[in-house]
Amino acid sequence: MDTLTKLIEKGANIPNTQAVTIGSDVNIDRLAGKGVTVFPGTQIFGARTYIGEYAQIGEEGPVSIKNCYIGPQVKIKGGYFSGAVFLRKASCGLGSHVRQGTILEEEASIAHTVGLKQTILFPFVTLGSLINFCDCLMSGGTSRQNHSEVGSSYIHFNFTPNQDKATPSLIGDVPRGVMLNQSPIFLGGQGGLVGPSRLAFGTVVAAGTINRKDQLKENHLVLGEKSRSGSVPYSTGTYFNLKGIIRNNLIYLGNLYALRQWYIHIRSRFVGGDFAPELLEGLESTIMVGIEERLKQLGRLGDNLADSKASGGIQYDFPRAWHQMRLRFEGLQTFSGDDVYRELFLDVIDQKIAQHGKDYLGVLKALDESQIQPGTQWLDGIVSKVVQETAQCVASLT
């Protein structure tokens, strides 16, 4: 009996089996049948691919899926998807191009023709159409009616003239963003964000604005700067605000480390029902892919700087300290934060699960500020530990 026939017997709706391809490497036990609809033009490959109940694949056009984790009620409407995770009710429009290191948490969505790679969108975050948004983490918002959003025709500039991608942008953060109680962030359409940038919760960037600076004060409107034309001498290898670039990379990595511990200690408690163990597997493996990518890109920056003729300062110090810094990053991967704050917060989560069941969004929405505080302090401590211990490797950085 072939895989398609088995899938139909499990309850899947496949209107035209002749126009659907499921690779021989796919594990049928990781494909739910109940309520799943697979439209013509769909190709599914990869031993790690998982598809949850009531998922809809290919409603708007051809789809190619490889080693993705697709949760229940997810809509993958058309495009190419590889090495990504989509949690319950996430949605991707026609022409999506979603690659490794990407996570769309519950009810996050992207409209048509959006490119993502190494991108993490927290629950409810919404991206419009015709967007390139690689190497970002975006949080903020409290519901589908009050969510962070990126307007259409937006771009995150993640590649430099010096040919590196040490450019991850942190839009919101992890310690507060995971609590789903922060003001949303709005990036207006026809605009762009130059990485590595950090934006605080409540930031509104006006449409048509290219944002080149950190915005660390909450609830501020960022307006476009007056453009200046001209031509000035420039040579490849010139770095502006190198200390800020490296520090923002360390902060971004600290947030990824905190998110990893959140997945290990908090998300793991919700396994069951709409959150299968395969989805937890996908989150944990994908966050490690993201960490390794950021370390690789930071190391590439160090390699570029090693060719510099600088005799002092961070441009000289960083490449010579990179090996030690990398070892510290590796040593911190098992750091799980302050035991007291973590256990206080875990007790609260366990109590809420007993009251509300394993409804991830429902449990978080049921927390009050006093219950949230130890969780945020726990995650903040992880970020601070990662940043401080790695920054100590570079004297000119501290």
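Side notes on the structure shown:
- Extension gain, residue 241 to residue 216: 0.36 nm times the residue separation minus the Cα-Cα distance gives 7.3 nm.
- Computed over the range 289-398, the P(r) curve from all C-alpha pair distances, binned at 5 Å from the origin, holds 2, 11, 16, 16, 13, 11, 9, 8, 7, 5, 3, 1, 0 percent per bin.
- Per residue, the range 270-398 exposes 47 Å² of solvent-accessible protein surface, assessed with a 1.4 angstrom probe and all protein chains in place.
- 13 Å beta-carbon shell around residue 125, net charge (K/R +1, D/E -1): -2
- FRET efficiency estimate (nearest 0.05) - Cβ-Cβ, residue 320 to residue 289, R0 41 angstrom: 0.90
- Where chymotrypsin sites (Phe, Trp or Tyr not before Pro) in DSSP loops with at most 11 other Cβ within 10 Å are excluded, longest remaining stretch of the chain: 1-233
- P(r) histogram, all alpha-carbon pairs of the range 129-201 included - 5 Å bins from 0, percent: 4, 17, 24, 23, 18, 8, 3, 1, 0
- Expressed as a whole percent, the accessible surface of the range 322-398 that belongs to carbon and sulfur atoms is 47, based on a 1.4 Å probe.
- Trypsin sites (Lys or Arg not before Pro) restricted to the range 303-356 and DSSP loop, no more than 16 other C-beta within 10 Å: 309
- Inter-part distance where the range 1-51 and the range 96-155 are each reduced to a Cα centre, Å: 27 Å
- Full-extension gain in nm, residue 366 to residue 354, via 0.36 nm per residue minus C-alpha separation: 3.1 nm
- Percentage relative contact order, the range 50-91, counting C-alpha pairs under 8 Å, at least six apart: 40 percent
- Taking the accessible area of the range 1-68, probe 1.4 Å, and keeping the other protein chains in place, the carbon and sulfur fraction comes to 45%.
- When only Cα pairs below 8 angstrom with a gap of at least 6 residues are kept, the chain shows a relative contact order of 10 percent.
- Reachable lysines, given that their alpha-carbon falls under 22 Å from the alpha-carbon of residue 89 and they are not under 8 places away in the same chain: 10, 34, 66, 75, 77, 117, 358, 365
- Residue 145-residue 17 FRET efficiency (beta carbon distance; Förster radius 45 Å; 0.05 resolution): 0.70
The values are calculated or read from the model by the stated rules, or taken from the named source; none is laboratory data. Just so you know, these numbers come straight off a predicted model, no measurement behind them. As a convention, Cβ positions derive from the backbone with ideal geometry for all residues, glycine included, and neighbour counts pool all protein chains shown. To get the accessible areas, we keep the full protein, side chains included, count just its heavy atoms, and leave off ligands, DNA and RNA. Shrake-Rupley method; radii C 1.70, N 1.55, O 1.52, S 1.80 Å.
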